[in-house]
Amino acid sequence: MAGIVVIGAQWGDEGKGKVVDLLAERADAVIRFQGGNNAGHTIVRDGHAFKFHLIPSGILHPDTLCVIGNGVVVDPAVLTDELDGLRRQGVDTGGLRLSANAHLIMPYHVLLDHAGESMLGKSPIGTTKRGIGPCYADKAARLGIRVQDLLDEKILKKKIAAALEPKRLSLRPFAKEIDLQQITEDYLVYGHRLEQYIADTARLAWDLLDAGRTVLFEGAQGALLDIDHGTYPFVTSSNPIAGAATVGAGVGPRDIHEIWGVSKAYTTRVGAGPFPSEIPGELGDELAEKGGEYGTTTGRKRRVGWIDLVGLRYAVRLNTLTHLAITKLDVLSGLPTIQACVRYRGEEGAVFDHFPYHQSMLHKARAEYEELPGWEEDITAARGPEELPQAARDYLDFIADYVGVPVVLVGVGPGHEQNVWTHDDVRAETPAA
Ligand code: IMP
């Protein structure tokens with residue numbers, strides 16, 4: 001039996017989709033456990049790009065069950081669109097399961113997300129404005145609407161009315177857009193469309209795990225965007241760390257056997273918030289262009305920086321990572337030297353190599369670097385570690401040594417097959433590696 005968690009070890013956008021897609025080949029189910037359509041990933045298969053926001057990437061594997069777990073917040077408009085898109089591309093969506101306990105993003109959540117950002121004026125969080133925060137807020141306030149509510153008109157209407165009541169004042173500017181009857185009708189239609197997928201997904205996971213099958217738990221965003229452990233308040237409203245896989249899928253800690261962290265060979269961040277190893281100016285722009293650093297969800301340009309090993313080591317400990325995947329190593333090819341952030345310098349010269357818990361310290365922290373030699377060679381065709389230039393191998397070793405977790409998989413291009421597996425035993429478990 002094997003439960004494998006895959007999480008982002010930075011601020012999201014690490015390329016988790018590709019790693020999940022590869023590992024899904026040895027999994028019987030892929031379960032998403034948090035976040036919503038603030039996430040987005042593109043899987044390139046046979047030159048064809050598939051974009052997902054909600055549906056786990058395992059959907060491209062016909063025999064893999066794809067589960068949207070209870071910890072996810074689901075915008076049914078987005079989910080039904082995504083299903084239509086996949087069907088148009090000839091993908092069988094019969095393997096999808098949707099937790100009856102997952103919370104629904106409602107139109108008023110999206111409006112409140114927009115309003116919340118406007119209210120913050122010049123210093124917004126930079127949310128994706130998909131209604132994620134307000135939906136999780138309603139969940140915690142026990143005013144949420146859940147997937148199962150879609151199947152009962154009376155309950156649905158009553159719950160929406162109750163959820164709207166305390167929001168009257170903040171929703172007043174949108175009075176014309178909020179029509180209880182209309183929302184109820186629209187959501188009942190979504191309910192009809194989604195009914196066939198609704199399931200007791202925790203039980204599905206238990207049955208598979210108890211039968212000795214492999215279940216993959218797919219995280220969204222990244223550890224540094226975690227609402228408890230990230231760069232609060234510049235975080236998302238859920239827990240993207242490995243521990244949350246248990247809560248968001250309904251399994252126990254002993255169901256988890258491997259924990260894979262995914263990190264880019266450099267760092268990116270969308271939205272506001274501290275970013276000690278950010279590269280200002282031209283070089284940052286160049287890397288952003290080369291790496292195609294534009295959000296899958298919002299199209300926003302990502303901020304780019306050097307790899308932050310202080311943040312990565314923090315993510316390793318928070319998640320107790322067992323495996324590390326480094327993506328987009330090819331983007332660094334052609335640089336004469338590469339910088340790796342190994343400590344922070346704070347106010348008044350204080351130097352530290354741990355991720356500070358205090359927001360003031362973090363906001364003032366500046367990265368200090370170890371400089372490593374770069375490489376000129378194009379590495380996009382490398383398939384084994386021996387095909388990588390020595391400098392690239394040294395860079396990977398430096399990362400693994402610093403954070404204390406083996407780098408088992410290295411992405412050298414966007415294609416499904418553009419990977420270097422550095423450990424034969426790990427590669428052997430992945431059929432298409
Ligand atoms: P929210 O999740 O839309 O509330 O946005 C909160 C913060 O998380 C913002 O800084 C977003 O840019 C960031 N964020 C949310 N989802 C993702 C993601 O999938 N990748 C990267 N950043 C994200």
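The values are calculated or read from the model by the stated rules, or taken from the named source; none is laboratory data. This one's a predicted model, so the numbers in the text were calculated from it and none came from an experiment. Positions of Cβ are backbone-derived with ideal geometry, glycine not excepted, and every protein chain shown enters the neighbour counts. Side chains are part of the model used for accessible areas, which takes the heavy atoms of the whole protein and leaves out ligands, DNA and RNA. Shrake-Rupley method; radii C 1.70, N 1.55, O 1.52, S 1.80 Å.
To keep it simple, each residue is scored yes or no on (1) within 16 Å of the ligand (Cβ to nearest atom); (2) assigned to a helix (DSSP H, G or I); (3) surrounded by fewer than 18 Cβ atoms within 10 Å (Cβ to Cβ).
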{"position": "A175", "(1), (2), (3)": "no, yes, yes"}
{"position": "I183", "(1), (2), (3)": "no, yes, no"}
{"position": "H192", "(1), (2), (3)": "no, yes, yes"}
{"position": "Y232", "(1), (2), (3)": "yes, no, yes"}
{"position": "S238", "(1), (2), (3)": "yes, no, no"}
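Regarding A272, is this residue in contact (Cβ under 8 Å) with a residue 40 or more places away in the chain, surrounded by fewer than 18 Cβ atoms within 10 Å (Cβ to Cβ), touching a Gly at 6+ places or on another chain (Cβ under 7 Å) and among the aliphatic types (A, V, I, L, M)? If you could, list the steps in order and put the result at the bottom.
Details: in contact (Cβ under 8 Å) with a residue 40 or more places away in the chain: yes; surrounded by fewer than 18 Cβ atoms within 10 Å (Cβ to Cβ): yes; touching a Gly at 6+ places or on another chain (Cβ under 7 Å): yes; among the aliphatic types (A, V, I, L, M): yes.
Yes: the conditions hold for A272.
Take Y232 and decide whether it is touching a residue at least 60 places away in the same chain (Cβ under 8 Å), in the same structural domain as P56 (by TED's automatic domain parsing) and aromatic (F, W, Y). Step through it out loud before you land on a result.
Details: touching a residue at least 60 places away in the same chain (Cβ under 8 Å): yes; in the same structural domain as P56 (by TED's automatic domain parsing): yes; aromatic (F, W, Y): yes.
For Y232, the condition - touching a residue at least 60 places away in the same chain (Cβ under 8 Å), in the same structural domain as P56 (by TED's automatic domain parsing) and aromatic (F, W, Y) - is met.
From the list G126, G131, pick out the single residue that is open to solvent by less than 10 Å² (accessible area, probe 1.4 Å) and either free of Cβ contacts under 8 Å to residues at least 24 places away in the same chain or at positive phi (or both).
On inspection, the qualifying residue turns out to be G131.
Which ones in the stretch 324-339 are touching an Asp or Glu at 6+ places or on another chain (Cβ under 8 Å) and surrounded by fewer than 21 Cβ atoms within 10 Å (Cβ to Cβ)?
Result: S333, G334, T337, Q339.
Given the residues L65, L143, L156, which is the only one that is without any contact (Cβ under 8 Å) to a residue 60 or more places away in the chain and either surrounded by fewer than 18 Cβ atoms within 10 Å (Cβ to Cβ) or under 15 Å from Y197 (Cα atoms) (or both)? First the steps, then the outcome.
Working: L65 fails: without any contact (Cβ under 8 Å) to a residue 60 or more places away in the chain; L156 fails: either surrounded by fewer than 18 Cβ atoms within 10 Å (Cβ to Cβ) or under 15 Å from Y197 (Cα atoms) (or both).
Result of the check over L65, L143, L156: L143.
Just for the stretch 12-26: of the residues that are open to solvent by 10 Å² or more (accessible area, probe 1.4 Å) and on the phi < 0 side of the Ramachandran plot, which one is nearest to the ligand (Cβ to nearest atom)?
From the stretch 12-26, those open to solvent by 10 Å² or more (accessible area, probe 1.4 Å) are 13, 15-16, 18, 25-26; that's our starting set.
In the following step, the residues that additionally are on the phi < 0 side of the Ramachandran plot were identified as 16, 18, 25-26.
Working: K16: 9, K18: 14, E25: 23, R26: 25 Å.
Ranking the qualifying residues of the stretch 12-26, first place goes to K16.
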